[in-house]
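This report concerns only the one structure given below.
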Amino acid sequence: MKIQAINGFKDILPDQMLLWRRIEHTAAEVFQRFGMREIRVPLMEKTELFVRSIGEATDVVEKEMYTFSEKKTTMRPEATASIMRAFIEHGMHVQQPVQRLFTIGPMFRHERPQKGRLRQFHQLDAEIVGATEPQVDAELIAMGQLILDELGLSTSLEINSLGCQECRPPYRRKLISFLEEQREELCEDCRRRTHKNPLRVLDCKKTACKTIAHQAPSLLEDLCEGCSSHFAQVQEGLDALEIPFTLNRFMVRGLDYYTQTTFEFLTADLGAQAAVGAGGRYDGLIEQLGGPALPGIGFAMGIERLALLMEQNAEEPLEQQTDIFLAALGEQAPQPCSRLIHQLRKDGLKAAMDYSGRSLKAQMKQANRCHARFVLIIGDSELEQQQGVLRNMQSQEQQSFPLTGSPQEQSQSLLRLLQL
RNA sequence: GUGAGCGUAGCUCAGCUGGUGGUAGCACCGGGUUGUGGCCUCGGAGGUCGUGGGUUCAAGUCCCAUCGCUCACCCCA
């Protein structure tokens, strides 16, 4: 039996890594423009952390976590909880009133894999802690939008408000009693959801449930004054930044800690997975984890989903370039070539060579495959005459290159020639 | 956890109602160019047809089981 990777765990192969790097670089660079600082937190935490933050009754906690039960530890299913734990543990709020943090890394959820959905997946994650101003909500959303723009992706943005501890519970009760009246019309799943997660019924895809959802009381109309004006100002803020969005009062979250503003960046091109990024405000979370009563807002984007979208748009696939390839021919050439190539590499060039002693044709092919700009051919006759042949692969022009002097001197003159 | 579909070369796939595994494409190696890549051309190498049973004179093809993968539901990035 062949050993293969675990279902839902994927290799990211060299051909894909340039795209991945581009995504991660673009995001990190945009994050930094917004004053975000990178943080790395462990891949494992005490199980309790996720139970308390994400919520005991959520699907993630109930059935999707990779937990070592005897150790009471869990592979992180998302980043926010871990970052908030680190924030509290290191007393980060004393250093700065507002902390702006980002992280990039793998997350783990034991779900059935499908398109755009894996058991180990990777997220770009941004968190702003300590600011309640609605302008910050708008700024954070704008930051996510800018990353997508700079990656050349067109997604749509939907926003909603889930209210706060004041206005959500009464609304929830109101919604439950409404749903109970409609019980007969609801699908099986939604009957179950009515008490477990009534807001989720609003997001059901079944037509019967959709009809009921449209008749259901709207949370947006039941928001308390604070939430209502906050949400209005978030929308004003987005308008001011010229970020287009649509209001989706049916949008819900699968994690318990969200309050007020929530949003999703959506695409139609990922099969059943519509969201490439999503986030929201979590004003009670830090306090709930035993920290100071500070508000927070954040989002996460799925790197695999971004990469899938970018591959689908794929113009030219990205390729790793090589500055110079040394073709060593005959018995004598490999020795001086290996000294020269090491010097070239010390001097910062991307240099490659082949030690197999294959034919020049084969080595030229190899040079072409690694996208070499130049090839330096060194065979017995070149060694004898102390003149290598330097070929420009694009223009096909060749010139002789003196093999005299130390490797350092040869490297320096090659550097000069290649800059031209 | 539920449902459907699919496992043939490194990859993408042909293979009809069972009758010798494809001159298939990409990739790889070599020749055409006595030491010059990409294009072209000729040749070469590469397979326990996922695995195990069964039916049959004969199974890649039919049946059963099993493993794996994919997509969808659920849920989510």
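The values are calculated or read from the model by the stated rules, or taken from the named source; none is laboratory data. On a predicted model such as this, the values are computed, not experimentally measured, just so you know. Using ideal geometry, Cβ is built from the backbone for each residue, glycine included, and neighbour counts are taken over all protein chains shown. These area figures cover heavy atoms from the full protein model, side chains too; ligands, DNA and RNA do not enter into them. Shrake-Rupley method; radii C 1.70, N 1.55, O 1.52, S 1.80 Å.
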(message) Just the number please: accessible area per residue for chain A, 1.4 Å probe, all protein chains included, in Å².
(response) 51
(request) Could you tell me how many degrees, from 0 to 90 and to the nearest 10, lie between the Cα long axis of helix A:225-240 and the main elongation axis, the longest principal axis, of the Cα atoms of chain A? (result) 30
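Which value in deg cm²/dmol, rounded to the nearest 500, describes the helix-derived mean residue ellipticity at 222 nm for chain A, given -39,500 (n - 2.57) per DSSP H run of n ≥ 4 and division by the residue count? Numbers along the way, then the final one.
Values: 18 runs with 177 residues, N = 420.
One gets -12500 deg cm²/dmol as the mean residue ellipticity at 222 nm.
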(request) Report, to the nearest whole %, how much of the accessible area of the stretch A:322-414 belongs to carbon and sulfur atoms, 1.4 Å probe, protein only. (result) 44
(request) Name the shape class, rounded, prolate or oblate, that the alpha-carbon gyration tensor gives for the stretch A:117-238, where a ≥ b ≥ c are the square roots of its eigenvalues, rounded holds for a/c under 1.5, and otherwise prolate holds if a/b is larger than b/c and oblate otherwise. (result) oblate
(request) In whole Hz, with x marking every Gly and Pro, tabulate ³J(HN,Hα) for the stretch A:319-324 from phi via Karplus 6.51 cos²θ - 1.76 cosθ + 1.60, θ = phi - 60°. (result) 10, 7, 8, 10, 6, 8
(request) May I ask you to derive the FRET efficiency for A:ASP11 and A:ARG339 from their Cβ-Cβ distance with R0 = 35 Å, giving the value to the nearest 0.05? (result) 0.50
(message) Rounded, prolate or oblate for the stretch A:67-172? Axes are the square roots of the Cα gyration tensor eigenvalues, ordered a ≥ b ≥ c, and the cut-off for rounded is a/c under 1.5.
(response) rounded
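Classify the stretch A:1-125: rounded, prolate or oblate, from the alpha-carbon gyration tensor (a ≥ b ≥ c, eigenvalue square roots; a/c under 1.5 rounded; otherwise prolate if a/b is larger than b/c)? Kindly include the intermediate steps, with their values, before the conclusion.
On the way: a/c = 2.36, a/b = 1.14, b/c = 2.07.
Oblate, because a/c is 1.5 or more while a/b does not exceed b/c.
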(message) I want to verify a result. In a Gaussian network model of chain A, Cα cutoff 10 Å, which of these has the top mean-square fluctuation: A:PHE34, A:PHE299, A:PHE121?
(response) A:PHE34
(request) Go ahead and collect, in residue order, the members of the stretch A:150-167 whose backbone nitrogen is under 14 Å from a label point 7 Å along the Cα-Cβ direction of A:GLN312. (result) A:153-156
(request) Could you pull out every residue, at least 5 positions away or on a different chain, whose amide H is within less than 5 Å of the one on A:GLN260? Hs are placed 1.01 Å off N in the peptide plane, and Pro or chain starts have none. (result) A:LEU162, A:GLY163, A:CYS164
(request) Calculate, for A:LYS210 and A:GLU236, the FRET efficiency according to 1/(1 + (r/R0)^6) with r their C-beta to C-beta distance and R0 30 Å; round to the nearest 0.05. (result) 0.50
(request) Rank A:GLU64, A:GLU409, A:GLU133 by mean-square fluctuation in a GNM of chain A with C-alpha springs under 10 angstrom and give only the top-ranked residue. (result) A:GLU409
(message) Whole-Hz ³J(HN,Hα) for each residue in the stretch A:47-52, computed from phi via Karplus 6.51 cos²θ - 1.76 cosθ + 1.60 with θ = phi - 60°, x for glycine and proline: what do you get?
(response) 3, 3, 4, 6, 4, 6
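Restrict the search to the stretch A:158-220; then list the GluC sites (Glu not before Pro) that DSSP places in a loop and that have at most 16 other Cβ atoms within 10 Å of their Cβ. Intermediate results must be reported in sequence, preceding the final value.
On the way: sites: A:GLU158, A:GLU166, A:GLU180, A:GLU181, A:GLU184, A:GLU185, A:GLU188; in loops: A:GLU166.
Loop-located and lightly packed - A:GLU166.
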(request) Would you grab the residues whose amide H sits under 5 Å from the one on A:ALA352? Only those 5+ places off in sequence or on another chain, please, with H modelled 1.01 Å from N. (result) A:ILE324, A:PHE325, A:LEU326
(request) Grab the beta carbon distance between A:GLN165 and A:GLU111, set R0 = 25 Å, and tell me the FRET efficiency rounded to 0.05. (result) 0.25
(request) Taking amide H positions as placed in the peptide plane 1.01 Å from N, state which residues far from A:ALA372 in sequence (5 or more) or on other chains have amide H under 5 Å from it. (result) A:THR322
